[in-house]
Amino acid sequence: MDRKIKVTVFNTKNWVFDSFLQMNKEFEFELDFQETRLYSKTASLARGSDAVCVFVNDDVNKEVVEILHDEGVKLIALRCAGFNNVALDKAKELGMEVVRVPAYSPYAVAEHTLGLILSLNRKFHKAHPRVREGNFSLDNLLGFDIHEKVIGVIGAGKIGQTFINMMSGFGCKILIYDKYENQEMKDLGAEYVSLEELYGKSDIISLHCPLTKDTFHMIDENAIDQMKRHVMIINTSRGKLIDTDAVIKGLKSKKIGYLGLDVYEEEEALFFEDLSETIIHDDQFVRLQTFPNVLITAHQAFFTKEAVMNIAETTFENIKNYFIHGRADNTVLF
Ligand code: NAI
């Protein structure tokens, strides 16, 4: 290419702007930062760009892919691992490539998962404001030993395995449900079991599988029925793995003892924005927050210094390899 590669970066937040500008000293792309999310009404902002760079909550549906194609975009570069928000069939039909950042820090997500477990169990988020107000009572702060508890991990890929390594260090028994078995995990003492067995035996269930047609709403009423009373459920993977109606019912009946979420079914309308001065119309989300045993973070599990710089570097390498070396690395498999 005898000119700079032009990339429209949608959904630009401060961390994207800072890390991309720093990384661009090395790559020298022409970057067009857009604050807005990518969706049908904003897609034409990419006019004249070679690539667009998008995140988990951009809506790259069929119509959007068509508009991007018509505007001359050749590459859709996801700056995240998940790709359930992209109409892959349409991109393939139009000969567009879709690349992603398959791994930027499994530690970031696994450590956040552990943070949710420890906070829900030992109630740090409640203890801190209490102590600040001079309330030193221990009422309602009773936790449990994580040591020797049964941890059910659904999806033991990069993040799941990192999490399993941590939980092994706590002396937990690990049960895994995954399509593929991994010898390293078995050597660690983890056991591959059916979903039914995992649901029936786990004290803590953590989701680390991708969102697909098979995994959509996998945690539904039927799944919750099979779980232990007072089970802890943690989801740092994708919101739509959980049927929110079903978990609200499970929380009301006390079948679910603890719920930790970094992702939420309808998070696109909420997360990554400061809505503190607006009215939240999502009643289910508001209901979830009324439970004393629910802890929600807004899709921040990935958010460490290391992960952010890795995201910028891999995204830029993906773009450079495609346009300069004619090679598509980290493509999303169709
Ligand atoms: P990975 O691809 O390394 O592992 C996914 C694992 O899930 C694989 O072992 C795969 O065999 C398994 N799997 C696929 N379909 C399954 C099914 N139907 N049932 C059970 N297991 C199944 O992915 P990685 O890097 O570990 O990421 C996992 C998920 O974490 C991603 O799909 C993404 O949704 C989420 N994620 C969340 C982040 C956050 O900030 N909250 C950041 C990064 C990823």
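The values are calculated or read from the model by the stated rules, or taken from the named source; none is laboratory data. What you are looking at is a predicted structure, and each value in this text was computed from that prediction instead of being measured. With ideal geometry, Cβ positions are generated from the backbone for all residues, glycine too; neighbour counts draw on all protein chains shown. Surface areas here come from the heavy atoms of the whole protein model, side chains and all, with no ligands, DNA or RNA. Shrake-Rupley method; radii C 1.70, N 1.55, O 1.52, S 1.80 Å.
Between Asp214 and Ile279, what is the label-point separation in nm under the 7 Å Cα-to-beta-carbon projection?
Each label point is offset 7 Å from its Cα along the Cβ direction, giving 4.4 nm.
What do you get for GluC sites (Glu not before Pro) in segment 213-298 restricted to DSSP loop and a cutoff of at most 14 other Cβ within 10 Å of the site's Cβ?
Here the sparse-neighbourhood loop sites are Glu266, Glu273, Glu277.
For Lys13, which lysines qualify as cross-link partners when the Cα separation must be under 22 Å and same-chain residues fewer than eight apart are set aside?
Within the straight-line cut-off, Lys13 pairs with Lys25, Lys41, Lys305.
How many Å² of accessible area per residue for segment 106-296, probe 1.4 Å?
52 Å²
Tell me the carbon and sulfur percent of the accessible area for segment 106-296, rounded to whole percent, probe radius 1.4 Å.
Whole-percent figure for carbon plus sulfur exposure: 52.
Using only the Cα atoms of the chain, construct the convex hull and provide its projected area averaged over every direction, in square nanometres to one decimal.
18.6 nm²
Enumerate the amide H contacts of Tyr264 below 5 Å, restricted to partners 5 or more residues apart or on another chain; note that Pro and chain-start residues carry no placed amide H.
The list, which skips near neighbours in sequence, is Gly239.
Taking the Cα centroid of segment 104-159 and of segment 244-270, what is the distance between the two, rounded to the nearest whole Å?
Distance between centres, Cα-based: 17 Å.
Full extension from Ala127 to Lys249: what is 0.36 nm times the residue separation minus their Cα-Cα distance, to one decimal in nm?
Contour length minus Cα-Cα distance gives 41.2 nm.
For Asp2 and Ala103, FRET efficiency with R0 = 45 Å and r from the beta-carbon atoms, rounded to 0.05?
0.85
For labels at Glu71 and Glu266 in the simple 7 Å Cα→Cβ model, what's the distance in nm?
Between Glu71 and Glu266, the label points sit 2.8 nm apart.
Full extension from Ile324 to Gln183: what is 0.36 nm times the residue separation minus their Cα-Cα distance, to one decimal in nm?
46.9 nm
Between Thr36 and Lys305, what FRET efficiency follows from the Cβ-Cβ distance if R0 is 22 Å, with the result rounded to 0.05?
For R0 = 22 Å, the calculated efficiency reads 0.25.
Excluding same-chain residues fewer than 8 positions from Lys255, which lysines have a Cα within less than 18 Å of its Cα?
Lys149, Lys201, Lys228
With a Cα-only, solvent-free Debye model of segment 106-296, what are the log10 I(q)/I(0) values at q = 0.17 Å⁻¹?
Log-scaled intensity ratios, in q order: -1.16.
Can you tell me how segment 71-112 classifies by the Cα gyration tensor, rounded, prolate or oblate, using a/c under 1.5 as the rounded cut?
Prolate is the answer for segment 71-112, as a/c is 1.5 or above and a/b outweighs b/c.
Can you tell me the relative contact order of the chain? Whole percent, Cα pairs under 8 Å, sequence separation 6 or more.
Once normalised by length, the contact order is 17 percent.
Sequence-distant or interchain residues sharing an amide H contact under 5 Å with Ile234, placed H: which?
Residues meeting the criterion, in which the H sits 1.01 Å from N, are Ile205, Ser206, Leu207, Gly260.
Using the beta-carbon distance between Ser168 and His230 and R0 = 25 Å, what value does 1/(1 + (r/R0)^6) give for FRET efficiency, to the nearest 0.05?
The computed FRET efficiency comes out at 0.60.
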